[in-house]
Amino acid sequence: MKTEDTPTEKSDVREAYPEIEPFDSGFLQVSDLHQIYYEQSGKADGKPVLFLHGGPGGGCSGSDRRYFDPNVYRIILVDQRGAGKSLPAAELKVLVSTDKENTTWEVAADIEKLRIHIGVEKWVVFGGSWGSCLSLVYAETYPDRVKALILRGIFTLRRKELVWYYQSGASFIFPDAWEKYVEPIPLVERDDMMGAYYRRLTGDNEEKRLLCAQRWSQWEMTTSRLFVDQNLLKRAESDQWALQFARIECHYFVNGGFFDHDGQLLDNVDKIRHIPCTIVQGRYDVVCPMDTAWELHKRWPEAEFNIVHDAGHSAKESGTTSLLVKAADKYAQL
């Protein structure tokens, strides 16, 4: 089903639910090295919904609880390996060991360990940007554990998606922000920006590592909304958050998401077409352009497909927020 990107009547726009605090939180040891932070809020015996944050490396925040009715849902947030409050922060490990401690597949397995740990049989899974990618990974790996999917700002980590955003594409729309992004990298290395950043983000020079973490993060914060949000830019000023965000993102991207082949998630959509799904995509999303969402829509025609006519990448833009809240309300009936 396709919803056209026509303007939404103001009376039809839904706002996020009021802020709430968790009733439970803790750490789950998922490997000898990693502990992941999780929290639960809303109704303790409610219908489980899992929120998967973006990045990878972005971590969760209190506002992420607000898409869900707290009188109906048991709202579960988790910081993925190395992100948010999870420990150790920004840890990649694969750099110094043959043991792959921070990859897509370990993170998907962590979600399943968390489900078992907190006693959930099946849940609604909600994810945007990298969270949409991870939601697809989890659903395609554990389809019997997913009641429904809510996906926003579709990202499947194909090479062409990465090249568009980090090499050549988005740079033509935000040339001013692009100049700041490329500035730390010598001209001779700019034909492979992800590789150049990766060497510095994982190198021994602390000053360069931090500078590159901030510039990488600033680039995404600048381009993620239809109108630049100065509050988002301030996130990149936090040294630890910028390092978590940039190091983990770059680590996943230079490794192709650790997928077997490019386009793996789209090729495996048939495994999950029986699962109810709502897709919400900003028409002017520069970070994850609509081409990917459109391809997912064509391969998964049963999923509800929504285009937000006046939005970029962020879930916080009003039209996108409204559709996400409505989708969560709909799946509360399952």
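The values are calculated or read from the model by the stated rules, or taken from the named source; none is laboratory data. Owing to the predicted nature of the structure, the values given are computational and were not obtained by experimental measurement. Because the Cβ atoms are built from the backbone with ideal geometry, glycine has one as well, and the counts that use them run over all protein chains shown.
When you scan region 170-180, do you find a residue that is outside the structural domain of LYS93 (by TED's automatic domain parsing), in contact (Cβ under 8 Å) with a residue 40 or more places away in the chain and of a type in the set (Ser, Thr, Tyr), even just one? No, that holds for no residue.
Filter region 172-185 for residues that are surrounded by 15 or more Cβ atoms within 10 Å (Cβ to Cβ) and over 12 Å from THR222 (Cα atoms); which is nearest to the chain's Cα centre (by Cα)? The selected residue is VAL182. How do the pairs read when you match residues in region 24-42 that are over 19 Å from GLY57 (Cα atoms) with residues anywhere that are in a strand (DSSP E or B) and of a type in the set (A, V, I, L, M), using Cβ under 7 Å and keeping only pairs 6 or more apart or on different chains? Matching pairs, first to second residue: GLN40/ILE75; GLN40/ILE76; SER41/ILE75; GLY42/ILE75. Among the residues of region 74-88, the ones that are in contact with a Phe, Trp or Tyr (Cβ under 9 Å, 6 or more places away or on another chain) and either at pLDDT below 95 or surrounded by fewer than 20 Cβ atoms within 10 Å (Cβ to Cβ) (or both) come to 2 in all. Which of the residues belonging to region 101-126 are of a type in the set (Phe, Trp, Tyr) and either within 20 Å of LEU334 (Cβ to Cβ) or not assigned by TED's automatic domain parsing to the domain that holds GLY57 (or both)? If the condition is that a residue be of a type in the set (Phe, Trp, Tyr) and either within 20 Å of LEU334 (Cβ to Cβ) or not assigned by TED's automatic domain parsing to the domain that holds GLY57 (or both), then TRP123, PHE126 are the ones that fit.
Evaluated against (1) closer than 30 Å to LEU114 by Cα; (2) without any contact (Cβ under 8 Å) to a residue 24 or more places away in the chain; (3) surrounded by 14 or more Cβ atoms within 10 Å (Cβ to Cβ); (4) not aliphatic (A, V, I, L, M), ARG200 falls short on exactly one condition, (1).
Screening TRP164 against (1) outside the structural domain of PRO276 (by TED's automatic domain parsing); (2) surrounded by fewer than 19 Cβ atoms within 10 Å (Cβ to Cβ) leaves a single unmet condition, (2).
One line per residue, one yes/no per condition, for (1) of a type in the set (Phe, Trp, Tyr); (2) under 27 Å from ARG247 (Cβ atoms); (3) part of a loop (DSSP other than H, G, I, E, B):
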site: GLY57; (1), (2), (3): no, yes, yes
site: ARG66; (1), (2), (3): no, no, no
site: GLY82; (1), (2), (3): no, yes, yes
site: LYS85; (1), (2), (3): no, yes, yes
site: ALA89; (1), (2), (3): no, yes, yes
site: VAL107; (1), (2), (3): no, yes, no
site: GLU112; (1), (2), (3): no, yes, no
site: GLU121; (1), (2), (3): no, no, yes
